[in-house]
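Student: This is the structure I want to talk about, given as C-alpha cells.
The values are calculated or read from the model by the stated rules, or taken from the named source; none is laboratory data. Given the structure is predicted, the values throughout are model-derived calculations rather than measurements. All Cβ positions, glycine included, derive from the backbone under ideal geometry; neighbour counts span all protein chains shown. Ligands, DNA and RNA are excluded from the accessible area calculation, which covers all protein heavy atoms including side chains. Shrake-Rupley method; radii C 1.70, N 1.55, O 1.52, S 1.80 Å.
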Amino acid sequence: MNIPEHLFYTDSHEWISLDGEIATVGITDFAQSELGDIIFLEFPEINMNIEYGEPFGTIEAIKTVADLNAPVSGKILEVNTTLEDSPEKVNEDPYGEGWLVKIKCSKLEEIKKLLSKDDYEKIIA
Amino acid sequence: MKKTTLYNHHIKKGAKIVSFAGFAMPLQYSGIIDEHNTVRNSVGIFDLSHMGEFEISGRGAEDFLQKMTINDVANLEIGQAQYTAMCTNEGGIIDDCVLYRNDVSYLFVVNASNIEKDFLWLNKHLEENVTLIDVSHDTTLIAVQGPESKELLKKVLDDGSLIDSLKFYHHGTITFNGKHVLCSRTGYTGELGYEIYWKGEGASNLWDVLLVAGKEFDAKPIGLGARDTLRLEMKYCLYGNDIDESTNPIEAGLSWITKLDKGSFMGRRALDKVKENGVSRRLVAFKMLEKGIPRKDYKVFSNNIKIGKVTSGTLTPSIKSGIGMAYVNISFVKVGTEIQIEIRGKLLQARIIKPPFWKNGSLMAN
C-alpha cells in the first residue's frame, strides 16, 4: 500500500498536503482500493466554508457511497473538475491527478490533529 | 462463514472477499467495471456455489412442484429448465428459482439466502410419494458467461457437441476429464452463457482449466459485484432487493411465469384476486437524466409527491448512466414518464424506460 512520507492523514482515510495555508486533499491509496471502482464524486461549491471533521462531499463506488470528511476547517478554493468525466483517476493516481479539493485553512493549529505516515500505517494494518 | 470449494482459488487470485448469505464470496478480482466488460465482450467465470440445489423425485414430484411453484411444470420437458417462483398463500414471493427436469428427478435451484427457508417450506408441504434432498453442500456451481463462453467450453470439454446444440434454457450432460456433469444454457447476465452443476469433489480442476484455457479469450474470474451490475442492466430481479414476501409476481413484472390457468397452486387464490383488482404499483426500470446514482430505498417522486421506492440501482458500466429499478404507483408506470429520485436531499430527474437497459447482449446467439 502506497503511503507517501510527506503527507498528513486522517483516520477516515483522507490525505492532506500543505503549502502555506493551502491544503490539497484527496483519499488514500488504501481508501481507493477498499472502495473499488470510483464512479461519481459530489463536491461543495467554491468558497463554501467547511468545518473540521464534518462531511463536505461524497464519493461513490459501484457498491458503496462514502462521505468525504473535512480534514481541516476553511474555505473551498478549488475542486478537481476533471474528475467529473474521469472519476477513475482517483483509483489510478490517488495522490496525484486524483486529488479532490483545495482548502484555504482557517485554523492551521488543526494540522496537529492529523496523522503522520507511521500513525496512518498502524490504522490500516 | 461458510466457504465454497473454490475459496482458496479466489484468495490466490487476490479477490476481495465479502460475506453474502453466510458465505465468504468474492466481491471482485480485477475490479467491477473491468469484470463487467469482460463478460459483455469476451467471457467471465463465476463461482456460484453458494446457491442452493434440491433434488426432488418420486412418483408425485410433478404434482408436488405444480402445487409449490407458479410456473407450469407440465410444460417442462426432460432436458429443459424453467424460471419460476414459490409464493405464500397471500401471493408474496418466497423465492425465485430455476427448475430443471431430468429423466427421473427434478433439480430445483434456489437463492443462497433462502436455502433453509425454502427447504422448510417445501418439506412442510411434502407428500408421501415425493423425496426432497438438499444437495447444496455437495454441489459446486460454475457459470461461464459471455459471447465467447461457447468456444471456451468446447475447448475444455471431452466432447463439445452438446454445447454446440444446447438451446436457451435447455440442459444436458457434459463430460470433463471423464466426469459427467449437468450443464445448462442459463445465466443472469444477458449474455450467451452456461451454468455447470458439479457434484462431489474435483470442481476446482475445472475452474483452473477454464481460466488457463480462457487466456486466449481474455477470460477472467468474476465476482458478485459485476454479477449485480450485469443482472441490473437486464432488469433481472434480485431476491431481497426487487422481490420478497411483501411483493407479488404480478406487480414485480413476473406475470409471464405466473400461470393462473394451470390449476390450483400455492398463492393462486391471492394472485387471482390481484389480477382481477389490478395492481397498485409496478416494478419499473428507470434511467437517470441527471448525474446521480440511484440506490436501494431512495424515494421516488412526481411533482413533489412520493410515488415509490428504488429497489436496486447503480451506475451501469455499459451505458454509463445511473439506472435502477423501483416500485412506482400504477398511475406513473408508463414508459417515457419522467420521475424524480431523491438523492441526498436533491430531487434528480429520471425517466421510465422499456427494459432491458442492455439490448446488445449475446444471450440468444446461435
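Student: Using a 1.4 Å probe on the protein heavy atoms only, what accessible surface does A:Ser33 show? Give it in Å² to the nearest 10.
Tutor: Around 40 Å² of this residue is reachable by solvent.
Student: Counting only other chains, and only Cβ atoms inside 10 Å, what mean value do you get across the residues of A:57-67?
Tutor: For this peptide, the per-residue mean of nearby foreign Cβ atoms is 4.
Student: Another question about this same structure. Give the whole-number value, in cubic angstrom per residue, of the convex hull volume spanned by the C-alpha atoms of the stretch B:1-109.
Tutor: Output value, Cα hull per residue: 155 Å³.
Student: Just the ratio, please: alpha-carbon radius of gyration of the protein assembly as shown over 2.2 N^0.38 Å, N its number of residues.
Tutor: Details: Rg = 25.1 Å, N = 491, 2.2 N^0.38 = 23.2 Å.
Here the Cα radius of gyration is 1.08 times the empirical estimate.
Student: So what is the 222 nm mean residue ellipticity for the protein assembly as shown from helices alone, if each DSSP H run of at least 4 adds -39500 (n - 2.57) and you divide by all residues, rounding to the nearest 500 deg cm²/dmol?
Tutor: Mean residue ellipticity, 222 nm, calculated: -5500 deg cm²/dmol.
Student: Leaving out ligands, DNA and RNA, calculate the buried accessible area for the pair B and A with a 1.4 Å probe, summed over both sides, in Å² to the nearest 100.
Tutor: For B against A, buried area totals roughly 1400 Å².
Student: Sticking with this structure for a sec: Keeping every protein chain in place, order B:Ser184, B:Ser362, A:Ser116 by accessible area at 1.4 Å, biggest value first, i.e. largest first.
Tutor: Numbers: B:Ser184 0, B:Ser362 20, A:Ser116 50 Å².
The ordering from most to least exposed comes out as A:Ser116, B:Ser362, B:Ser184.
Student: In square angstrom, what is the accessible area per residue of the stretch B:280-366 with a 1.4 angstrom probe?
Tutor: In whole numbers, the stretch B:280-366 has 49 Å² accessible per residue.
Student: Counting only C-alpha contacts under 8 Å and six or more residues apart, can you give the relative contact order of the stretch B:280-366 as a whole percent? If you can, show how the numbers build up before the last one.
Tutor: Values: 199 pairs, mean separation 30.2, N = 87.
Here the relative contact order equals 35 percent.
Student: Among the listed pairs B:Lys199/B:Lys220; B:Lys155/B:Lys359; A:Lys63/A:Lys107, which have their C-alpha atoms separated by more than 32 angstrom in this model?
Tutor: The answer is A:Lys63/A:Lys107.
Student: Quick check on chain A: take the gyration tensor over C-alpha atoms, sort the square-rooted eigenvalues as a ≥ b ≥ c, and tell me if it's rounded (a/c under 1.5), prolate or oblate.
Tutor: It comes out oblate by the Cα gyration axes.
Student: I would also like to ask the following. Kindly report the accessible area of chain A per residue (heavy atoms of protein chains, probe 1.4 Å, no ligands, DNA or RNA), in Å².
Tutor: Counting only protein heavy atoms, the per-residue value for chain A is 48 Å².
Student: Moving to a separate point now. Rank these residues by their accessible area, most exposed first, probe 1.4 Å: B:Asp96, B:Asp134.
Tutor: Ranked from most to least accessible, the order is B:Asp134, B:Asp96.
Student: Distances over 34 Å make up what percent of all Cα-Cα pairs in chain B?
Tutor: Taking all Cα-Cα pairs of chain B, the fraction more than 34 Å apart is 27 percent.
Student: Further question on the same structure: Enter the accessible area of B:Met1 (Å², nearest 10), with the probe set to 1.4 Å and all protein chains included.
Tutor: The accessible area of B:Met1 comes to roughly 140 Å².
Student: GNM, chain A, Cα, under 10 Å: largest mean-square fluctuation among A:Lys112, A:Lys104, A:Lys89?
Tutor: Ranking A:Lys112, A:Lys104, A:Lys89 by mean-square fluctuation puts A:Lys112 first.
Student: How much accessible surface does B:Phe332 have with a 1.4 Å probe, in Å² rounded to 10?
Tutor: Per-residue accessible area (B:Phe332): approximately 60 Å².
Student: Karplus couplings for the stretch B:197-204 from phi (6.51 cos²θ - 1.76 cosθ + 1.60, θ = phi - 60°), rounded to Hz, Gly and Pro as x?
Tutor: So the J values, rounded to whole Hz, are 9, 9, 8, x, 8, x, 5, 5.
Student: Also, I was wondering about something else. Quick check: convex hull over the Cα atoms of the stretch B:280-366, volume per residue in Å³, rounded to an integer?
Tutor: 95 Å³
Student: Which residues of the stretch B:260-293 bury at least 20 Å² of accessible area once all protein chains are present, versus their chain alone (1.4 Å probe)?
Tutor: Residues meeting the cut-off: B:Lys291, B:Ile293.
Student: Using the scaling law 2.2 N^0.38 Å as the reference, what is the normalised Cα Rg of the stretch B:189-264?
Tutor: Relative to the 2.2 N^0.38 Å estimate, the stretch B:189-264 comes out at 1.55.
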